[in-house]
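Visitor: So that we are looking at the same thing, I have put the structure below in C-alpha cells.
The values are calculated or read from the model by the stated rules, or taken from the named source; none is laboratory data. The model shown is predicted, which means the values in this text are computed figures rather than measured ones. With ideal geometry, Cβ positions are generated from the backbone for all residues, glycine too; neighbour counts draw on all protein chains shown. Only protein heavy atoms, including side chains, enter the accessible area calculation; ligands, DNA and RNA are left aside. Shrake-Rupley method; radii C 1.70, N 1.55, O 1.52, S 1.80 Å.
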Number of protein chains: 2
Amino acid sequence: MRLADSFRSERFGAVRIQELQRVIELDSGAVHDTGQPSLSAGSRVVPPEAMRAVESQMVIVVPCMNETRSVIEGVLSGIPHDCLIVLVSNSDRRPVDRYEIESQTLEQFCRLAGRSAVAVHQKDPGLAAAFKAAGMTELIGEDGLVRNGKGEAMLIGMAVAAMTGRKYLGYVDADNYVPGAVNEYCKAYAAGLYLAGSAYSMVRISWHSKPKLRDGRLFFSRKGRSSQITNEWLNKFLAEYSGFGTEVIATGNAGEHAMTLELGLKLRLAGGFAVEPYEYMDVFEQFGGVLESSDAEVMAGSVPILQIETRNPHFHDNKGEEHVQGMRMQALNVIYHSPVTLPSVRQAIVDFMISQGALQAGQEPPKERVYPPVASLDLELLYDGLDAEALSFRQFDGRASNGLPPAPPIERRAIPHHAI
Amino acid sequence: MRLADSFRSERFGAVRIQELQRVIELDSGAVHDTGQPSLSAGSRVVPPEAMRAVESQMVIVVPCMNETRSVIEGVLSGIPHDCLIVLVSNSDRRPVDRYEIESQTLEQFCRLAGRSAVAVHQKDPGLAAAFKAAGMTELIGEDGLVRNGKGEAMLIGMAVAAMTGRKYLGYVDADNYVPGAVNEYCKAYAAGLYLAGSAYSMVRISWHSKPKLRDGRLFFSRKGRSSQITNEWLNKFLAEYSGFGTEVIATGNAGEHAMTLELGLKLRLAGGFAVEPYEYMDVFEQFGGVLESSDAEVMAGSVPILQIETRNPHFHDNKGEEHVQGMRMQALNVIYHSPVTLPSVRQAIVDFMISQGALQAGQEPPKERVYPPVASLDLELLYDGLDAEALSFRQFDGRASNGLPPAPPIERRAIPHHAI
C-alpha cells in the first residue's frame, strides 16, 4: 500500500495526531520501503512483507447485528488471510436463530479458506458469567446479561483478542457491502501501524465518500452526518488548549480503526456509540499530560494516532436519522463530561445541544457509561468461564481443516498475562 | 487470492471453457500454492509471488469516455502497482478538453506513485494516420479518424500493449465507483492467468452483483440485463453442437477480462459493444475445430477460458435502457453471422429478435464490423506514426520520477516482432 505523506501533526501531551493521509495505491507492488518518504513526491510505500508482519499479528473484530448472510460472507472474504477473525454478534436468536446462521457462515468460510476464527454472542448468559468472574461486573446489565451496545461488543472483542496473544486489534463493521473496502481498511491498519512505529499507536479510517440516494440518483457525500459534528467539537477541544484553531481530527466517529493491543488494553471503552469518540477523550485524559498519568512508560514515548483516508466508498445500510442523532449526542456527552475539557467548551456544548433541541435549558448532558480497561480482566478466568458456560462461544481452527495438527486461536496455556 | 476450484468445463475444439469459479479470499496471505487443490475443500490459492509475476508482465487498458476526475483517480488507485496502465480515451475535447484533464490526472498519479503509463485519444488524427501506416485501414471511418466504439478503443489498447513487449493484457472500464473492485478484477486476472497455465488463455469476470436503485432503496441484482440474453444464446450455440443443454458461459458480455497477448494478437476484435461476445465466437471460429484452423500450434494445445465471479459489487454509472438494448442485439448479431453457428440457432435468433421488436420479419440481423488481428499490424510503423504525429500520445515514465534512469513504457528499439 502507498500512502500520501502526513507532514503535519498536533500534539496533546504524549498524544500525536497526524493529519489525514490519503491512500494512493491499494497495492504498491514489491517496491521496497526506503525508510523515508519516496523521492518522487510525498508518498510512502509499505512493502508487502511489512504489511504481512502486522497482519499475522492482527485480530479483526467484527461486531455484527442482524446482517444478511451474503453481506457477512463478503466482509469475511475481504479480511486478509493472516488476520484472525473474531465475530461478536448481537443478532436476534428468535424466531430464527440468526447467530446460528452467522456462525455457520463463518465456519464454512474458515473451512474453505483454511482460516481460524472465534465467535461469541453478546447476550449469552455464559459470557456474562465469564465477565463477572473475570472481574468486570460493570458490563452486566439488570437482566444479568452483558449490556447491549456497540462499545460493549468492541470490549468483548478486545478481551477475546487479548486472550489470543496477538499484538494488534482492528475493528470492521459487518454492515459493509464492499468486500474491497473491508480489505482496504485492514491494509490501511497494517500500513498505518507499521508506519506509526510505536507500541501505543492507533490508526483511524476516514472513508473517501459515502454513496447516498438523493432524488433517485447516487450522490457521493464526503462527510458523514454525525462525523462532521463530532470532529468539529473534538477540534474545538484541542483549539481551546492551543489557542489555534485546528481541523486535524477527521475521524472522531471512525467505526473502522485499529490499535496496538498494548494501547487497547489500557483504554477505557465507553458504551454504545460513545465508544469511538471517547477513545480520543480517553487518550487525552490518560496521556495528555493535563491529568496525572499513571503510565510513565507511555508518557515517555508517544501515542501516535494516524488517520487514513481510504479510496473505496463506504457503502453500507442506511440506519436512519434517529441513529445518527443518537451518535452525535453521545459524542458530545463524552466531550462534555471529560475532566480535561475546558469550561468554555463545556458551556458551548450545552448551548449547542439546547439549540439542537437535544437538551432542555438547565439540564446537563447525560453521562455515558465508561468501562474499566480490558487489562483489568483476569483473562484465564474469562477463558474458563467462556469454555465452560458460554454455549455460543466457538473456535474455528484453520490448521485442523488444513490437515495440520490442531491449534485453536485461544489456548488456555498460551493466554498472555497483561500487567495492569 | 483464493479461488474456489472449477471442476467442470465444456470443450469446443481446442477451446476449454471452465465453469464459473468464486473468489473466496481477496488476499490469501503468504500461503504457498501446493500445485493442487487445497486439502480443505475445493479451493485453490495463488500465492503473492505468482500473482506478482503475472502483474509485472500485465498491461491494463482503461477505455474511458467522459468520466469524472475522481472516478478515474479511484480506478487508477486500484490497479496493482506492477501493471502498466494504458488509457484510451474517447472523451469530449471541447468545450472543455476532458482528455487534457484525464491525462493530467494520470500524470499526477504516476508521479505520486512512481508508475508508468501511456495515454492516447481515440479521435487523434495522428493515431488514425499511424494505424493507416501500420496497415489497418479498416479502423478508419469516413471522417478519416479512428471509428468510435468500445471495441475500437480496446483494439488501440491492445496494439499499444503489444508495443510494450509485456505478456498479458487486461481491460478495466473507467466508470467504476469502487477502487477495491478494480483491484479485485486485476488480481483475478493474475490468479486466473497463472492457473490457466497456457500461452493462449483468457480470464473473464462475472461480477458478484450490481447495485440498482429500486423504489428508493438499493437492490443487489445478480444478473445484468444484457448479459442474461448474451449468455443464454452463447450457451444455446454450444448446446446445439453437443446435444446437451449447458449454462457454462456466464461472461458473454464481460467488459472486465484479460488474456495472454499471444492469444490477444490472434483475435479479430469486433467493433462497438459486439467486442466482448465476439471474442467467444472468434475463438470458436479459429480454434473450435469446425472450420480449418490456420494455427496448428494453438490447436495442438488448448485455449482455456476461466470465468471468475468476484466478491465486490459492480457499481458503476447507469447508462440507461437504450445502451443495454444496443448491447444485447449486437451480441445476437455476431452469433447469427458466425460461420460456425448452426442453422437452427440462427433461425431461433431471428425469431427472438423479431419477437423483441429488434427486427422486422424478412430482415436479416445487421453485420457487426470485425477487424483483422492486431498481429497483422506493423508495430514499428505504428510507433513511428504515434511518435511523430499523434499529439495526444503521451508516455509517463515512472522510473524517471523515482530518480532512476529513464525508461518509457514503449521504446522503439524494444518493440517486439510478432509473427502473424
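Visitor: Place a +1 charge on the Cβ of each Lys and Arg in chain A and a -1 charge on the Cβ of each Asp and Glu, then give the dipole magnitude about the Cα centre in debye, rounded to the nearest 20.
Guide: Numbers: 41 positive and 51 negative charges, 157 e Å.
Magnitude of the dipole: close to 760 debye.
Visitor: With a 1.4 Å probe on protein heavy atoms only, tell me which residues of region A:101-134 lose at least 40 Å² of accessible surface in the complex relative to the chain by itself.
Guide: Correct list: A:Leu112.
Visitor: Now for a separate question. At 1.4 Å probe size, with every protein chain present, just tell me what the per residue accessible area of region A:50-186 comes to in Å².
Guide: 28
Visitor: If I take every Cα pair under 8 Å that is 6 or more residues apart in region A:355-420, average their sequence separation and divide by the length, what percent do I get for the relative contact order?
Guide: Relative CO of region A:355-420 lands at 29 percent.
Visitor: If you don't mind, there's one more thing I want to ask. Roughly how compact is the protein assembly as shown, stated as its Cα Rg over 2.2 N^0.38 Å to two decimals? Numbers along the way, then the final one.
Guide: On the way: Rg = 28.6 Å, N = 840, 2.2 N^0.38 = 28.4 Å.
It is 1.01.
Visitor: If Rh is defined by the Kirkwood formula over all Cα pairs and Rg also comes from Cα, what ratio Rg/Rh do you get for region A:128-241?
Guide: Using only Cα positions, Rg/Rh for region A:128-241 is 1.04.
Visitor: Along Cα→Cβ at 7 Å, what distances in nm separate the A:Arg8 label point from those on the other copies, shortest first?
Guide: Reported distances to equivalent positions: 6.1 nm.
Visitor: Let me ask something else. Ranked from the most accessible area to the least, with a 1.4 Å probe and all protein chains present, what is the order of A:Thr105, B:Thr246? Walk me through the numbers on the way to the answer.
Guide: Numbers: A:Thr105 5, B:Thr246 25 Å².
Result, largest first: B:Thr246, A:Thr105.
Visitor: Would you mind computing Rg(Cα) / (2.2 N^0.38 Å) for chain B, counting N as its residues?
Guide: Relative to the 2.2 N^0.38 Å estimate, chain B comes out at 0.95.
Visitor: Counting only protein heavy atoms and using a 1.4 Å probe, what share of the accessible area of region A:1-137 belongs to carbon plus sulfur, as a whole percent? Kindly include the intermediate steps, with their values, before the conclusion.
Guide: Working: 2490 of 4790 Å².
Carbon and sulfur atoms account for 52 percent of the accessible area of region A:1-137.
Visitor: Sorted by accessible area with a 1.4 angstrom probe, largest first, how do B:Phe237, A:Phe273, B:Phe7 fall? Spell out each step's value before the answer.
Guide: Values: B:Phe237 0, A:Phe273 65, B:Phe7 160 Å².
Heavy-atom accessible area, descending, gives B:Phe7, A:Phe273, B:Phe237.
Visitor: With the crude spin-label approximation of a point 7 Å out along Cα→Cβ, what separation in nm comes out for A:Ile101 versus A:Ser294?
Guide: 4.3
Visitor: What distance in nm lies between label points placed 7 Å from Cα along the C-beta direction at B:Leu342 and B:Ala30?
Guide: 5.4
Visitor: Protein chains only, probe 1.4 Å: how do A:Arg147, B:Arg94 rank by accessible area, largest first?
Guide: Working: A:Arg147 55, B:Arg94 195 Å².
Ranking A:Arg147, B:Arg94 by accessible area, largest first, yields B:Arg94, A:Arg147.
Visitor: Additional query: Using a Förster radius of 41 Å, what is the FRET efficiency between B:Leu404 and B:Ala199 based on their Cβ-Cβ separation? Nearest 0.05, please.
Guide: For B:Leu404 and B:Ala199, the calculated efficiency is 0.85.
Visitor: Put the label 7 Å from Cα along Cα→Cβ for B:Val96; what are its distances to the other copies, in nanometres, shortest first?
Guide: Copy-to-copy label distances at B:Val96, shortest first: 4.7 nm.
Visitor: Any idea what the dipole of region A:54-127 comes to, in debye rounded to 20, about its Cα centre with Lys/Arg Cβ at +1 and Asp/Glu Cβ at -1? Kindly include the intermediate steps, with their values, before the conclusion.
Guide: Working: 7 positive and 10 negative charges, 26 e Å.
Approximately 120 debye in magnitude.
Visitor: Leaving out ligands, DNA and RNA but keeping every protein chain, what accessible area does A:Ser198 have, in Å² rounded to the nearest 10, with a 1.4 Å probe?
Guide: 30
Visitor: Label-to-label distances across copies for B:Ala239, with labels 7 Å out along Cα→Cβ, in nm, shortest first?
Guide: Counterpart label points of B:Ala239 in the remaining copies fall at 6.7 nm.
Visitor: While we're on this one: Would you calculate the separation in nanometres between label points at B:Phe7 and A:Arg217, each defined as 7 Å from the Cα along the Cα-to-beta-carbon direction?
Guide: Modelled inter-label distance: 4.8 nm.
Visitor: Here's another thing I want to ask about it. Give me the residues in region B:143-185 whose solvent-accessible area, probe 1.4 Å, is reduced by at least 20 Å² once all protein chains are included instead of the chain isolated.
Guide: Residues shielded by partner chains are B:Tyr177, B:Val178, B:Pro179, B:Gly180, B:Asn183.
Visitor: With a cut-off of 8 Å between alpha carbons and a minimum separation of six or more residues, what is the relative contact order of region A:200-351 in percent?
Guide: Numbers: 208 pairs, mean separation 54.5, N = 152.
Once normalised by length, the contact order is 36 percent.
Visitor: Which residue in chain B puts its Cβ closest to the axis that rotates chain B onto chain A, and at what distance in whole Å?
Guide: Residue plus distance in Å, as requested: B:Gly180, 1.
Visitor: Right, another one. Chains B and A: what accessible area do they bury, summed, in square angstrom to the nearest 100, with a 1.4 Å probe?
Guide: Heavy-atom accessible area buried at this interface is about 3800 Å².
Visitor: Taking all protein chains in place and a 1.4 Å probe, what share, in percent, of the accessible surface of region B:153-276 do carbon and sulfur account for?
Guide: Exposed carbon and sulfur together represent 46 percent of the surface.
Visitor: Let's see if you can work this out: charge +1 on each Lys and Arg Cβ, -1 on each Asp and Glu Cβ, no other charges. What is the dipole magnitude of region B:277-349 about its Cα centre, in debye to the nearest 20?
Guide: The dipole magnitude comes to about 280 debye.
Visitor: Sticking with this structure for a sec: Rank A:Gly271, A:Phe7, A:Ala388 by how far each Cα sits towards the positive end of the charge dipole of chain A (+1 on Lys, Arg Cβ; -1 on Asp, Glu Cβ) and give me just the farthest.
Guide: Result: A:Phe7.
Visitor: Pull up the DSSP beta bridges for the protein assembly as shown and report the antiparallel fraction as a percent, rounded to 5.
Guide: The answer is about 50 percent antiparallel.
Visitor: Also, quick follow-up: Using 1/(1 + (r/R0)^6) with R0 = 22 angstrom and r between the beta carbons of B:Glu138 and B:Arg93, what's the FRET efficiency to the nearest 0.05?
Guide: The formula returns an efficiency of 0.35 here.
Visitor: Can you compute 3J(HN,Hα) from phi for each residue in region B:5-21, using the Karplus curve 6.51 cos²θ - 1.76 cosθ + 1.60 with θ = phi - 60°, rounded to whole Hz and x for Gly and Pro?
Guide: Values, residue by residue: 5, 10, 8, 10, 8, 10, 9, 9, x, 7, 7, 10, 9, 7, 4, 3, 10 Hz.
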